[in-house]
1. What residue, among those in segment 67-86 that are of a type in the set (A, V, I, L, M) and at pLDDT below 95, is most open to solvent (accessible area, probe 1.4 Å)?
2. Examine segment 19-26 for a residue that is without any contact (Cβ under 8 Å) to a residue 40 or more places away in the chain and part of a loop (DSSP other than H, G, I, E, B), and state whether such a residue exists.
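The values are calculated or read from the model by the stated rules, or taken from the named source; none is laboratory data. Everything quoted here is computed from the prediction, not taken from an experiment. FYI the Cβ positions are ideal-geometry reconstructions off the backbone, even for glycines, and counts take in every protein chain you see. Just so you know, the surface numbers come from the protein's heavy atoms only, side chains and all, with ligands and any DNA or RNA stripped out. Shrake-Rupley method; radii C 1.70, N 1.55, O 1.52, S 1.80 Å.
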Amino acid sequence: ARFELVQKETHFASADLYGAFGAQFKFRDFAAIGDEAFTPPSTTRQLGLFTMQELRKGPLRLEAGGRFETTRHQSDAIGAERNFNAVSVSAGVGFEPAEGWFMGVTGLRTERAPSTEELFSDGPHLATASYEIGDPTLGIETARGVEGTVRYAADKWSFAVNGFYTSYRDFIFETETG
């Protein structure tokens with residue numbers, strides 16, 4: 001479920017302010033059945049609160065966004081429970097130097113909680129012919145990045161060039177252990 005409030009244009013410090021606030025709720029009742037099941041039954045509850053705001057003053061654009069998310073994974077079958085709090089933020093600045101042109105840069109820091117499968121899996125995965133073992137001690141995955149863009153749009157054609165760099169800490173991935 002997702003609930004979002006979009007605010008009307010507001011004048012703030014001789015500029016135009018746009019944005020939204022919201023909440024998102026996710027409930028997942030997971031149960032793989034059959035001999036090939038390698039992840040125990042579990043429930044996941046997740047609540048996220050977020051906002052995004054944009055301030056426009058002439059050719060200048062300032063944007064900022066944030067999200068707080070709390071996640072709880074629980075598996076009564078194996079007696080395990082993990083709770084996570086994640087915070088993600090981004091901010092950007094853009095400029096329209098002339099008609100049809102836009103240049104901007106955005107910085108971000110995001111956090112992601114591991115999934116039930118990444119935490120609690122333990123068994124043969126027949127589709128990949130492997131034995132998957134989750135890691136119940138996993139923590140939050142964090143990414144930091146920057147993105148730049150230049151765009152031009154005319155009546156009959158347009159182009160855009162984007163570049164980005166993202167660095168991860170505690171990246172969660174599947175690896176062979178032998």
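1. 78
2. no
Residue by residue, here is whether (1) open to solvent by 90 Å² or more (accessible area, probe 1.4 Å); (2) of a type in the set (Ser, Thr, Tyr); (3) over 21 Å from the mean Cα position of the chain (by Cα) holds:
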residue	(1), (2), (3)
7	no, no, yes
14	yes, yes, yes
18	no, yes, yes
30	no, no, yes
34	no, no, yes
42	no, yes, yes
54	no, no, no
